[in-house]
Ligand code: ADP
């Protein structure tokens, strides 16, 4: 099934945006991108779709505010940085969606929340209520309480867990690459894009997984795991470049390529 068809068929869609997609070349949250994204999301909502966003970028946003903390490696400073940056990040999203008269809501989660049946029920009910009221939930990991042992660790996994929790129809992972390649396109210019994946385990054996980006945490391996998790609940995943012009429209129209993980 093609990416335009997957998007056309899906009513509930989770979009995951990585730090590399949200930040500009100077490493600041890019308000032009956020505005363009919000406009396209608003159009999708008008067409009857429901949207949840998993947004990274707290650390990047925090660094723009607390640049003197840039070299601090201490875990409490990293967590403090994310706490500062989360406000900046949500402020940027709020300003972007405000123009389209859409309210947003912040949801911060940890792995522990997903392990607890009462918490997951509450999370699910909150998500349903928000979306039914036309509000866009913007989900991120709660870094303040996430020490290494209980960390989800990357937002690809968080996005897949959120898609499962919300019973989404489609998960869209935006990155800084056009999709899954047979080898890392950043290191190998002759790398070939894999447009469609039906068996994630089989494809994993047949490709070379290279290193991730400067701001990226998971790399391509976590995207494959996320797609696998979603697929095991019957949710297809699209992996695509988030930084192009009007990406949601381009993907829906088939003018932008990507990788479709089918179920
Ligand atoms: P993000 O922050 O957008 O989630 P990541 O940096 O975590 O992105 O992961 C995406 C990166 O993974 C790409 O920029 C690419 O350089 C790298 N990568 C390594 N191997 C592959 C591969 N086989 N196919 C695609 N990308 C790959």
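Here the Gaussian network model covers the chain, with springs between Cα atoms less than 10 Å apart; of 19, 55, 64, 64 fluctuates the most. Remark: relative contact order (the chain) = 25 percent; criterion is Cα-Cα distance under 8 angstrom and separation of 6 or more residues.
Debye calculation, C-alpha points only, no solvent: report log10 I(q)/I(0) for the chain at q = 0.07, 0.13, 0.15 Å⁻¹, in the same order as the q values. Summing over Cα pairs of the chain leads to -0.22, -0.81, -1.11.
Of the beta bridges in region 3-261, as assigned by DSSP with both residues counted there, near 15 percent are antiparallel. Once you reduce region 101-177 and region 203-263 to the center of their Cα atoms, the two points are 18 Å from each other.
Measuring from label point to label point, each 7 Å out along Cα→Cβ, what is the residue 151 to residue 246 span in nm? It is 3.9 nm.
Of all the options 36, 141, 192, the one that moves most in a Gaussian network model of the chain with Cα springs shorter than 10 angstrom is 192.
Starting from the Cα gyration tensor of region 31-102, multiply each eigenvalue by 5, take the square root, and state the resulting semi-axes largest first in whole Å.
On the way: eigenvalues 181, 25, 13 Å².
Result for region 31-102: semi-axes of 30, 11, 8 Å.
Decide, for region 1-121, between rounded, prolate and oblate: order the square roots of the alpha carbon gyration tensor eigenvalues as a ≥ b ≥ c, take rounded if a/c falls under 1.5, and otherwise choose prolate if a/b is larger than b/c, else oblate. It would help to have the intermediate numbers written out before the result.
On the way: a/c = 2.12, a/b = 1.41, b/c = 1.50.
Oblate, since a/c reaches 1.5 and b/c is not below a/b.
Remark: 176, 154 ranked as 176, 154, counting other beta-carbon atoms within 10 Å and listing the fewest first. With the helix formula -39500 (n - 2.57) applied to DSSP H stretches of n ≥ 4, the chain reaches a computed 222 nm mean residue ellipticity of -13500 deg cm²/dmol. Each peptide in 182-190, 156-164 gets a packing score, the mean of other Cβ atoms within 10 Å over its residues, and the list from highest to lowest is 156-164, 182-190.
Got a sec? Which residues in region 148-179 would a label at residue 43 touch, if it sits 7 Å along Cα→Cβ and we count backbone N under 16 Å? Answer for region 148-179: none. Pairwise alpha-carbon distances in region 90-245 exceed 19 Å for 61% of all pairs.
Segment residue 1..residue 196, full-extension length gain: 69.4 nm, with 0.36 nm per residue of separation and the alpha-carbon distance subtracted. Applying 1/(1 + (r/R0)^6) with r as the Cβ-Cβ distance of residue 24 and residue 112 and R0 = 35 angstrom yields a FRET efficiency of 0.55. Normalising the average separation of contacting C-alpha pairs (under 8 angstrom, six or more residues apart) by the number of residues puts the relative contact order of region 47-100 at 41 percent.
By its C-alpha gyration tensor, with a ≥ b ≥ c as the square roots of the eigenvalues, how is region 110-152 shaped: rounded for a/c under 1.5, else prolate for a/b larger than b/c, else oblate? Oblate, because a/c is 1.5 or more while a/b does not exceed b/c.
Computed from the coordinates by the stated procedures, all read-outs in this text should not be read as laboratory data. No experiment lies behind these values; they were computed from the predicted model shown. Heads up, the Cβs are rebuilt from the backbone with ideal geometry, glycines too, and the neighbour counts pull from every protein chain shown.
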